[in-house]
Amino acid sequence: MSKIEFISPEGLRVDGRRPQEVRKINYRLNLFSRADGSAYYEQGNTRVLAAVYGPRQVTRRGASKHDRAIINCEYSMATFSTGERRKSAKRDRRSTEISVVIRQTFESVILTHLYPRTQIDIFMQVLQADGGTRCACINAASLALIDAGIPMRDFVVSCAAGMIDGVALTDLNYIEDSAGGPDLPLAILPKQNKICLLQMDSKLTIEQYEEVMQMAVEGCKQIHAVLDAKLKDVTDQLVNKRKTLL
Amino acid sequence: MKLEASADVIRKLHPLEFYKRFLPEGIRPDGRNLNKPRVTVISAGSLTTAEGSALVKLGSTSAICGIKAEVTIPADTEPQCGKLVLSVELPPLCSPNIQRWTDSVEQNSSLEVQIEDILLKTNVLNLEALCIKDSSAVWVLYVDVYILEHDGNCFDAALLSVLTALTNVKLPEVEVNEEQIVSIVEGGSTQSLELNHYPIPLSFCILDDKLLVDPTSEEEELSSTCFTIVYNNRGELCSLYKPGGKHINDDILEECKQTTLNRTEHIVKLMKQANEAKK
Amino acid sequence: MSESDVVTPGTRIGSVDTHISGRGTYTRDGRICASVVGRVVTKDVPNQDKKIIEVESKQETTVPQIGSIVLATVVKTTTQFAKVDITCVEGKALETTFMGMIRQQDVRATEIDKVVIYESFRPGDVVRAVVISLGDSKSYYLSTARNELGVVFGTSMAGQTLVPVSWKEMECPKTHLRELRKVAKTI
């Protein structure tokens with residue numbers, strides 16, 4: 001029996017959300033003048049920065065591919081981003097694994113064949129971690145890639161879901177994540193309804209899995225709607241501004 | 001024979017020539033006068049996971065500092081003093097010239113040594129204030145600076161972010177029991193830190209024999225020398241840092257010292273405003 | 001999908017039967033989808049009854065393509081080739097440079113086996129060239145084998161800007177010494 005009441009009798013979670021509710025999202029594009037694309041993304045208390053450089057010259061000789069661009073992803077958590085200070089090992093195992101996972105997600109989505117012999121760098125920095133950092137970074141990276149004008153097949157969105165005390169929950173925060181239940185981060189291409197990334201740990205029965213998966217998909221769709229709406233406004237202003245300058 | 005091309009192209013191919021067209025008029029390509037620093041924006045306490053935090057922007061250069069406090073055993077030689085551990089990082093996302101973490105190791109180390117020297121040798125913070133129990137428990141402050149955007153003059157941004165973060169650190173009240181276990185007092189008060197003085201920096205560079213204040217990264221690359229002067233709010237000179245580079249005259253140094261001194265009041269005011277806004 | 005609508009990547013904007021896929025779009029299963037965020041624009045294509053559909057976005061990432069005219073700074077010369085740093089593509093300055101190479105056989109169109117690199121380029125010269133291939137893993141291959149390609153800006157041994165005299169000679173205005181270069185003909 002868990003000490004913390006994750007779901008109140010009224011069906012509310014520790015932070016007052018309903019099980020299927022995603023946290024409040026806020027983002028800004030084009031913060032950095034020197035990066036080709038950048039985004040600052042907030043989902044509840046999780047705050048991440050993403051910067052995209054490229055397509056540019058491949059840094060590692062011999063790594064370049066003759067028919068497409070190579071994608072280089074680096075995920076890093078600031079030492080002060082978590083409750084307990086993280087040791088500043090830049091290449092710790094968890095960061096490397098997440099970098100690889102995110103890179104593979106974007107390799108399939110970016111139209112890399114348009115830029116052979118080049119490299120596209122995606123750097124993600126977590127400033128504050130409150131659960132769902134992997135997913136927040138994917139969303140931030142998607143926005144930064146859009147800001148950089150790098151062509152993609154679709155707008156990748158990501159959300160995690162889990163199950164605590166038999167109730168499926170979307171977008172777990174740190175407290176819920178540490179409860180020991182299953183954690184399922186998911187990234188989809190919303191317009192094509194295709195899965196890019198799917199991970200799951202801990203145990204689930206098939207029925208529970210279906211439920212949690214459905215929650216994650218719904219969560220992704222919620223996030224996509226929020227990101228899309230603001231993006232259209234922002235682009236409208238930018239495209240209008242460009243027209244008046246010409 | 002002239003190269004017919006747009007301003008952007010000339011800037012890229014012959015950056016020094018490009019600058020030479022501006023400097024004699026007394027302005028720089030970004031519109032500033034030669035002796036004008038960029039607009040400084042300071043905000044404090046926005047990170048909830050850190051005990052103290054600050055974000056400083058100098059034009060397009062930004063630095064974020066987060067301070068985390070932990071309890072540790074003090075050194076035998078200084079049983080009443082807490083500790084301060086500083087680290088500065090320039091991650092690849094801050095600049096197109098830094099493509100791997102290893103590219104910025106030199107810069108990180110230089111900035112760390114510079115800032116640490118100022119903090120510890122000019123006694124900015126009373127390390128005795130971090131003592132919990134003599135000889136058995138003290139606070140250690142892990143001060144971590146990340147340069148999020150590098151457009152020149154990372155040192156100023158980094159030092160200002162450290163100072164502002166230190167001023168908004170909130171340490172919880174703790175107690176030590178007989179088994180030497182330290183625990184947080186429920187509903188206890190929070191301890192803030194008082195800085196003995198505020199060392200405020202200003203960096204300069206010499207480009208084509210002209211003195212520029214607060215250089216951008218393009219100006220730093222073209223300059224023949226860069227140096228930093230630090231004065232505190234009491235008018236005392238805290239640091240002079242000219243790490244090699246072309247020689248300069250005494251009178252230029254005097255001019256720079258005066259410029260730095262004149263700016264300290266404004267910056268300290270910004271820092272105090274940032275902390276007020278947080279409350 | 002009406003014109004001048006703002007679209008996000010993945011949005012369907014047309015079909016292969018009615019339009020041709022242009023910049024900022026890609027095709028999937030016979031449908032044309034947007035690949036960047038921007039406004040949908042259709043243009044007429046001469047000699048084709050289908051219109052070309054494109055998405056206009058705020059930023060175009062410039063990368064040297066085959067056929068692009070580039071400005072490059074000569075970094076190193078050997079007997080076989082000149083190594084250059086490509087700094088501008090089609091008039092747009094690049095934030096980070098790409099490496100390029102002009103091989104002996106690509107310096108000029110005639111007598112290509114008699115070319116001496118040191119008499120065509122010197123380190124520090126700015127050269128206008130065309131990208132002929134993506135080259136090997138390290139550099140793009142460039143060519144200056146056209147009249148309007150070659151050195152556009154050079155510095156003499158005395159440090160002065162050289163003045164072109166003919167397609168293969170430039171003169172220093174101070175010392176009046178002539179230096180050999182493959183000069184670009186500026187109209």
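Below, the figures for the structure above:
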{"item": "Residues (part of a strand (DSSP E or B) and among the hydroxyl-bearing types (Ser, Thr, Tyr)) located in region A:51-104", "result": "A:TYR53, A:TYR75, A:SER76"}
{"item": "Within region C:90-152, strands (runs of 3 or more DSSP E) holding 3 or more residues that are within 14 Å of chain B (Cβ to nearest Cβ) and within 14 Å of C:VAL70 (Cβ to Cβ)", "result": "C:92-103, C:126-133"}
{"item": "Close pairs from region C:158-187: first of a type in the set (Gly, Ala, Ser), partner open to solvent by less than 90 Å² (accessible area, probe 1.4 Å) and in a loop (DSSP other than H, G, I, E, B), Cβ under 9 Å, at least 6 apart", "result": "C:ALA158/C:CYS172; C:ALA158/C:THR175; C:GLY159/C:CYS172; C:ALA184/C:THR144; C:ALA184/C:GLU148; C:ALA184/C:LEU149"}
{"item": "Matching residues in region C:133-170 - criterion: being closer than 14 Å to C:ASP106 by Cβ and open to solvent by less than 30 Å² (accessible area, probe 1.4 Å)", "result": "C:GLY135, C:SER139, C:TYR140, C:LEU142, C:SER143, C:THR144, C:LEU149, C:GLY150"}
{"item": "So B:ASN177, is it modelled with pLDDT of 90 or more and loosely packed, with under 14 Cβ neighbours inside 10 Å", "result": "no"}
{"item": "Subset of region A:173-208 (residues that are within 30 Å of A:GLY83 (Cα to Cα) and open to solvent by 60 Å² or more (accessible area, probe 1.4 Å))", "result": "A:TYR174, A:ILE175, A:SER178, A:LEU198, A:MET200, A:ASP201, A:SER202, A:LYS203"}
{"item": "All positions within region A:107-135 that are more than 14 Å from chain B (Cβ to nearest Cβ), touching a residue at least 40 places away in the same chain (Cβ under 8 Å) and on the phi < 0 side of the Ramachandran plot", "result": "A:SER108, A:VAL109, A:ILE110, A:LEU111, A:THR112, A:HIS113, A:LEU114, A:TYR115, A:PRO116, A:ARG134, A:CYS135"}
{"item": "Positions within region B:124-135 being closer than 29 Å to B:GLN180 by Cβ and either within 14 Å of the chain's Cα centre (by Cα) or not charged (D, E, K, R) (or both), in sequence order", "result": "B:LEU125, B:ASN126, B:LEU127, B:ALA129, B:LEU130, B:CYS131, B:ILE132, B:SER135"}
{"item": "Residue selected from region C:7-47 under the condition touching an Asp or Glu at 6+ places or on another chain (Cβ under 6 Å) and hydrophobic (A, V, I, L, M, F, W, C), by the criterion nearest to A:VAL157 (Cα to Cα)", "result": "C:VAL40"}
{"item": "Strands (runs of 3 or more DSSP E) wholly inside region B:1-115 that include at least 1 residues being at pLDDT below 90, more than 28 Å from C:ALA72 (Cβ to Cβ) and of a type in the set (Phe, Trp, Tyr)", "result": "none"}
{"item": "Strands (runs of 3 or more DSSP E) contained entirely in region C:1-49, each with at least 1 residues that are within 27 Å of A:ASP147 (Cβ to Cβ), open to solvent by 40 Å² or more (accessible area, probe 1.4 Å) and out of contact with any strand residue (DSSP E or B) (no Cβ under 8 Å at 6 or more places or on another chain)", "result": "C:25-28"}
{"item": "Subset of region A:78-100 [open to solvent by less than 20 Å² (accessible area, probe 1.4 Å) and within 12 Å of chain B (Cβ to nearest Cβ)]", "result": "A:ALA78, A:THR79, A:PHE80, A:SER81, A:SER95, A:SER99"}
{"item": "Near pairs, Cβ below 6 angstrom, 6+ apart or cross-chain, from region C:121-134 (modelled with pLDDT of 90 or more) to any residue that is open to solvent by 40 Å² or more (accessible area, probe 1.4 Å) and assigned to a loop (DSSP other than H, G, I, E, B)", "result": "C:VAL131/C:ILE66"}
{"item": "Contacts under 8 angstrom Cβ, first residue in region B:141-157 being at positive phi and at the interface with chain A (Cβ under 10 Å from one of its Cβ atoms), partner open to solvent by less than 10 Å² (accessible area, probe 1.4 Å) and part of a strand (DSSP E or B), 6 or more apart", "result": "none"}
{"item": "Sole exception among (1) assigned to a loop (DSSP other than H, G, I, E, B); (2) touching a helix residue (DSSP H, G or I) at 6+ places or on another chain (Cβ under 7 Å) for A:TYR27, by number", "result": "(1)"}
{"item": "Flag for B:GLY152 being open to solvent by 10 Å² or more (accessible area, probe 1.4 Å), modelled with pLDDT under 95 and of a type outside the set (A, V, I, L, M, F, W, C)", "result": "no"}
{"item": "Matching strands (runs of 3 or more DSSP E) fully within region A:136-246 where at least 3 residues are within 14 Å of another protein chain (Cβ to nearest Cβ) and of a type outside the set (Phe, Trp, Tyr)", "result": "A:183-189"}
{"item": "Given (1) within 14 Å of chain A (Cβ to nearest Cβ); (2) open to solvent by 20 Å² or more (accessible area, probe 1.4 Å); (3) free of Cβ contacts under 8 Å to residues at least 60 places away in the same chain, number of the condition B:SER60 does not satisfy", "result": "(3)"}
{"item": "Output for region A:41-73, where each listed residue is within 12 Å of chain B (Cβ to nearest Cβ), of a type in the set (D, E, K, R) and surrounded by fewer than 22 Cβ atoms within 10 Å (Cβ to Cβ)", "result": "A:GLU42, A:ARG60"}
{"item": "Qualifying positions in region C:60-89 - within 7 Å of another protein chain (Cβ to nearest Cβ) and either open to solvent by 50 Å² or more (accessible area, probe 1.4 Å) or part of a strand (DSSP E or B) (or both)", "result": "C:GLU60, C:LEU71, C:THR73, C:THR87, C:CYS88"}
{"item": "Flag if B:ASP144 is buried (at least 16 other Cβ atoms within 10 Å of the Cβ), within 30 Å of B:LYS242 (Cβ to Cβ) and of a type in the set (Asp, Glu)", "result": "yes"}
{"item": "Test set (1) surrounded by fewer than 24 Cβ atoms within 10 Å (Cβ to Cβ); (2) over 19 Å from A:ASN26 (Cα atoms); (3) more than 12 Å from the chain's Cα centre (by Cα) - A:ARG117 fails condition number", "result": "(1)"}
{"item": "Residue within region B:233-241 that is hydroxyl-bearing (Ser, Thr, Tyr), outside any helix (DSSP H, G or I) and open to solvent by less than 40 Å² (accessible area, probe 1.4 Å) present", "result": "yes"}
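The values are calculated or read from the model by the stated rules, or taken from the named source; none is laboratory data. Treat the numbers as computed from the prediction; the structure is a model and nothing was measured. Please note: Cβ atoms are built from the backbone with ideal geometry, for glycine as well, and neighbour counts cover all protein chains shown. These accessible areas exclude ligands, DNA and RNA; they are computed on the full protein's heavy atoms, side chains included. Shrake-Rupley method; radii C 1.70, N 1.55, O 1.52, S 1.80 Å.
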